[in-house]
């Protein structure tokens with residue numbers, strides 16, 4: 001009984017200390033150690049405010065929305081000035097028709113600029129009327145850092161293909177949590193939050209890449225930890241690479257369309 005009372009008193013004292021510590025910007029731990037001091041006290045009036053931006057607007061089937069004011073516009077319906085072939089520095093081999101980017105069979109394209117941690121918005125539509133079977137049905141892909149693929153595929157209804165290869169999948173690794181696909185021909189939206197992997201000097205992974213994906217506003221990947229580069233018939237293997245690399249759109253010889261592509265680079269700095 002005495003030991004029990006001592007434990008309760010210790011917990012009460014620790015709880016009070018924790019509350020007081022939070023007020024002045026410090027945290028105490030049960031193990032007796034002290035975490036690094038917080039730079040700002042709770043509700044500190046002198047703490048810097050985050051930047052003010054203008055939020056974007058929602059897209060409709062007829063009209064793409066507007067990007068947030070701090071986003072980098074990768075495709076605005078006018079030209080491919082921010083893109084190039086995956087190999088070489090010539091013009092991107094896809095075409096722009098009526099404000100839409102169309103896969104032509106000329107090969108993958110990549111952004112001229114490189115990105116790491118990011119928020120990515122991209123809209124796509126599978127060909128209509130539908131044609132082909134399994135992975136031949138409206139196939140393309142969004143590869144972040146040229147290697148981590150969110151699959152693009154006509155998966156409307158009962159998707160007759162492997163689960164980790166349908167729309168919303170992290171290709172070959174994680175099926176989507178649900179199938180939220182729209183019919184072929186309709187515009188679909190990916191909103192992706194991606195964090196790049198980190199490597200030690202010896203090449204070992206110290207922090208795996210993660211991806212959160214919303215398909216048509218529905219969560220289909222919840223902070224999933226990638227197992228490495230996504231590839232066909234491969235479980236995924238990490239190979240050290242730079243902290244920033246281009247975004248790649250895959251040409252799988254299906255006339256998939258894209259529009260309203262924008263990206264917001266993310267940093268670890270917080271106000």
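The values are calculated or read from the model by the stated rules, or taken from the named source; none is laboratory data. Predicted, not measured: the structure shown is a model, and the values here were computed from it. Positions of Cβ are backbone-derived with ideal geometry, glycine not excepted, and every protein chain shown enters the neighbour counts.
Scan the range 124-152 and report the pairs whose first residue is assigned by TED's automatic domain parsing to the domain that holds residue 225 and whose second residue is surrounded by fewer than 21 Cβ atoms within 10 Å (Cβ to Cβ) and part of a helix (DSSP H, G or I), with Cβ atoms within less than 7 Å and a gap of 6+ or a chain change.
Pairs that qualify, where the first residue is assigned by TED's automatic domain parsing to the domain that holds residue 225 and the partner is surrounded by fewer than 21 Cβ atoms within 10 Å (Cβ to Cβ) and part of a helix (DSSP H, G or I), are 135/165; 151/165.
Quick check on residue 240: is it touching a strand residue (DSSP E or B) at 6+ places or on another chain (Cβ under 6 Å) and part of a loop (DSSP other than H, G, I, E, B)? Give the derivation first.
Numbers: touching a strand residue (DSSP E or B) at 6+ places or on another chain (Cβ under 6 Å): yes; part of a loop (DSSP other than H, G, I, E, B): yes.
Yes.
Within the range 159-191, track down each residue that is in a strand (DSSP E or B) and within 23 Å of residue 255 (Cβ to Cβ).
To start, the set of residues in the range 159-191 that are in a strand (DSSP E or B) comprises 170, 174, 188-191.
Across the range 159-191, the qualifying residues are 188, 189, 190.
Considering only the range 224-238, I want to know if a residue exists there that is buried (at least 21 other Cβ atoms within 10 Å of the Cβ) and touching a helix residue (DSSP H, G or I) at 6+ places or on another chain (Cβ under 8 Å).
no
Tell me, which residue of the range 58-97 that is loosely packed, with under 11 Cβ neighbours inside 10 Å and within 11 Å of residue 110 (Cα to Cα) is modelled with the highest pLDDT?
Filtering first and then ranking leaves 87.
If you check residue 84 against the conditions, is it in the same structural domain as residue 187 (by TED's automatic domain parsing) and closer than 19 Å to residue 120 by Cβ?
Values: in the same structural domain as residue 187 (by TED's automatic domain parsing): yes; closer than 19 Å to residue 120 by Cβ: yes.
So residue 84 passes the test.
Output the number of the condition that residue 219 fails; it satisfies all remaining conditions of (1) over 30 Å from residue 62 (Cα atoms); (2) at pLDDT 95 or above.
Only one criterion is unmet by residue 219, namely (1).
In the range 209-226, how many are assigned to a loop (DSSP other than H, G, I, E, B) and out of contact with any strand residue (DSSP E or B) (no Cβ under 9 Å at 6 or more places or on another chain)? Let's see the steps before the verdict.
Here is the first cut: in the range 209-226, the residues assigned to a loop (DSSP other than H, G, I, E, B) are 209, 216-217, 226.
The next check asks that each one be out of contact with any strand residue (DSSP E or B) (no Cβ under 9 Å at 6 or more places or on another chain); those that pass are none.
Qualifying residue count, the range 209-226: 0.
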